[in-house]
Each structure stands twice: as structure tokens, then as C-alpha cells.
Amino acid sequence: MTRRPRVDNAGLDAIDWPPAWPRVLDAAFGPPLPGEYRASPEDFRVEECLGFAPEGEGEHLWLWVEKRDLTTAMVARELASCCEVSPRSVGYSGMKDRVAVTRQWFSVHLPGREAPGDLVERLAALGIRVLDQGRHPRKLKRGVHRANRFRLRITGPAAADPSLEARWARLCRDGVANYFGPQRFGPDGRNLVRARALLARGWRKRDDRDGMLLSATRSLLFNELLAARIRDGSGSIPLPGDVVMLDGTASQFSVETPDAELLQRAARLDLHPTGVLWGVGDSVAEGEARAFEATLPERYPGLCQGLEQAGVRLARRTLRLALADATLERPAGPAGGEAAEALLTFSLPRGAFATAVLRELIMQPGL
């Protein structure tokens, strides 16, 4: 694929697109074969794992819905319209893909009144199925769900590749590079073009109300850091001065010099090295790990300074993910043989992208 530089009018930190971020499995298996993963919405199924249920009473009506070929924002707008409330009265935890069949919770603030009697029917006519509902005292806030459960169908040469099982087993054993997915950057990286222009003139909330462009910028910088660590061979191995995070939690601690026990825990996926999500504040990483992070403001001074001026707070994200409850199935073909398709099921923590898993298994433009 031809890589072409994309520079906005401000000339701020030109970025080649699409990026050449390395895959982890290429060293052992070579690049994956071409494949498809979203021929129809039914090929990409996602179920939000909230970890708790509505209490049964309160000012907010919570709805467990299934949507098809709709964005989360579209469903939120329809709920607001049907219930005759402000869009701000509708809450949800995570943004789910559009070209997919997804299940997630929404909340609607309805103090002292019931939802319209025909709400379920009106939503169904729009392709939104209400599967359950209940009252709760509080609005559903962003990022409170624990995980997402995926069931994906891949087709094409990659699905028929005899090495697919070996690739999958390696991902289950060693984890997955925690790249932000292509949907974060928009088609052809257009969110980054907009972000560079906005940061060049000074970020204002009215120009980026949901912070999407700030998020795209931080995601790019994180992916660049992760790519550098993978090329170095340290994408899953704690370095001197690294900050590591316990798997499945937000608990983190600094590592002065990794000892044999800590490296063994990393190999078991008990903990993962982390990378910086750029913003205001001083990184606690030191030594070799800090040296990797220091390359970001050297390469992208405008983007890093723009994030700081916007007041984004520095945070950390794991460089690697562990797959939970992972399975791979090959449905039988019409004649009893194997069909050129495979079904993948797995769970990822919130904020992780299924496309990070898929890019290790199939070659497809945009991944």
C-alpha cells in the first residue's frame, strides 16, 4: 500500500498515512493472508459486559438494547427524541461500532414520569431492539463497563490458512499489542488532519465537544510509542524504569530493574508494561522506558504541545492485552469439509479494540 504524507495547512507535525505500525506475529509467521471480517453487520457482534445491573428504582430508566448498523450516538439521539428529553439526559458507557450487531446499556433521565407507552415499538421500527429495562438512581456514565465480548466471523484466504490456529494460539498465550483501532482516526486518518489544524490554532471545546480530536491525537502518539517498543522487542517485556499495570485492574507500579520473578509474571500475562497517553503532567517512567517516551515530543512537538495547552491530563495505557475466554471455530462446509471461514470469540477490557486482534490474523486495508 502506498504511504502518502498528509500535511494540514498549518504544517503541524506531518504524518505518513496509512501508518506502518508493526504486527507482533510477523516475526514468527510472516504477514497474514488477506481476509474479510465485516461482510455484513452480523459478522461483527459485540456485547457490553457492565458488571452490575440496574437497582430497580430511581429517576433513570436503563435500557438493554440490541442495535444493528447504527452508531451508539444514533441510538442515543433516537432515545432522546422518543422520550422528549435533551440528548444530555441520555447516558451510555461505551461507543460501539456501527457496522455490527451490538448490545449495550443506555439510560434516560425520566424523573417523576414513565417512558412513552409505545417506546419499545418505536425503537423496533428503527432497528433498535429493547431486550431488558429497569430503573436506577444514577445516569449511566462513560467508561463504567468492565469489558466487551466479541464474536467475529472472518472469511477469505486468511480464514482458510492452516497456520490460523497457530497464530491464534500464540495470541492467546502471549497477548495482543494494544493498538488503538483505525476507527479512532477516521477514514484515511481524517480525524488527525482535523486535529492537527485545531491544535495549531488552539483547541477549543466548542470545536471538539466530545474531545474526539484530542483522543485521536493521543491515540496516534500512543500507537507510535507502542510500534517503537515492538520494533525494539520490548512491547511485552518490562524495561528498566517501566511502569507496569496488573492485568484486569488499573493498579500500577514502577519497576526500577525487572527481576526474574517480574519477567515471569509478565510472561504469564499477570502484568503488562504501559505507555504514556500524552498530556499535562510528568511521566513516572524512568530509564530505558522514559527514553522511548521522550522521542514523542522530539518527533511530534506540535501535537504534544497542543495536547498540553488543551489541558489534557497525562495517563497510562497497557502496551499489551490478554484475551479472555478465547475460542476459534471452523464451521463445517456443505460437503463436510472446512469452509473458508472462522469464528472467533473473546473478551477484551473496555477501551481495547477488536481490530487490534484482527490485524494480527488477516491482511486488510485499513487495519
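The values are calculated or read from the model by the stated rules, or taken from the named source; none is laboratory data. None of these values were measured; they are calculated from a predicted model. Using ideal geometry, Cβ is built from the backbone for each residue, glycine included, and neighbour counts are taken over all protein chains shown.
Restricting attention to region 59-87, and to residues there that are farther than 20 Å from ARG184 by Cα and free of Cβ contacts under 8 Å to residues at least 40 places away in the same chain, which single residue is surrounded by the most Cβ atoms within 10 Å (Cβ to Cβ)? Once the filter is applied, the top-ranked residue is CYS83.
Select from region 83-113 the residues that are over 27 Å from the mean Cα position of the chain (by Cα) and under 15 Å from PRO54 (Cβ atoms) and list them in ascending order.
Correct list: HIS109, LEU110.
Being modelled with pLDDT under 95 and either at negative phi or not basic (Lys, Arg) (or both) is a property that does not hold for LEU70. Scanning region 141-159 for residues that are under 18 Å from the mean Cα position of the chain (by Cα) and at positive phi yields one hit, GLY143.
Of the candidates ALA356, ALA342, the single residue that is more than 19 Å from VAL244 (Cα to Cα), part of a strand (DSSP E or B) and among the small types (Gly, Ala, Ser) is ALA342. Residues of region 125-135 that are surrounded by 13 or more Cβ atoms within 10 Å (Cβ to Cβ) and not β-branched (Val, Ile, Thr): LEU126, GLY127, ARG129, GLN133, GLY134, ARG135. Checked against (1) in contact with an Asp or Glu (Cβ under 7 Å, 6 or more places away or on another chain); (2) at positive phi, LEU343 meets all criteria but (2).
For the condition of a type outside the set (D, E, K, R) and in a loop (DSSP other than H, G, I, E, B), what is the one hit in VAL75, VAL46, VAL65, VAL85? Lay out the reasoning, then the answer.
Working: VAL75 fails: in a loop (DSSP other than H, G, I, E, B); VAL46 fails: in a loop (DSSP other than H, G, I, E, B); VAL65 fails: in a loop (DSSP other than H, G, I, E, B).
From the options VAL75, VAL46, VAL65, VAL85, the qualifying one is VAL85.
The residue list ARG138, ARG194, ARG103 contains one member that is surrounded by fewer than 16 Cβ atoms within 10 Å (Cβ to Cβ) and on the phi < 0 side of the Ramachandran plot, which is ARG138. Quick check on region 20-37. Is at least one of its residues closer than 30 Å to GLY112 by Cβ, of a type in the set (D, E, K, R) and part of a strand (DSSP E or B)? No, region 20-37 has no match at all.
So which of GLU261, GLU256, GLU298 ends up being touching a residue at least 12 places away in the same chain (Cβ under 8 Å) and surrounded by fewer than 21 Cβ atoms within 10 Å (Cβ to Cβ)? Even if it seems obvious, please write down each step before you answer.
On the way: GLU261 fails: touching a residue at least 12 places away in the same chain (Cβ under 8 Å); GLU298 fails: touching a residue at least 12 places away in the same chain (Cβ under 8 Å).
Selected residue: GLU256, the only one of GLU261, GLU256, GLU298 that is touching a residue at least 12 places away in the same chain (Cβ under 8 Å) and surrounded by fewer than 21 Cβ atoms within 10 Å (Cβ to Cβ).
Within region 308-320, residues that are among the small types (Gly, Ala, Ser) sit with their Cβ atoms under 6 Å from residues that are part of a loop (DSSP other than H, G, I, E, B), at 6+ positions apart or across chains, in these pairs: ALA310/TRP203. Flag: VAL46 matches the condition of being of a type in the set (A, V, I, L, M, F, W, C), modelled with pLDDT of 95 or more and within 30 Å of LEU307 (Cβ to Cβ). Is it fair to say ASP97 is buried (at least 18 other Cβ atoms within 10 Å of the Cβ), at pLDDT 95 or above and closer than 30 Å to PRO157 by Cα? Here the answer is no, as ASP97 does not meet what is asked.
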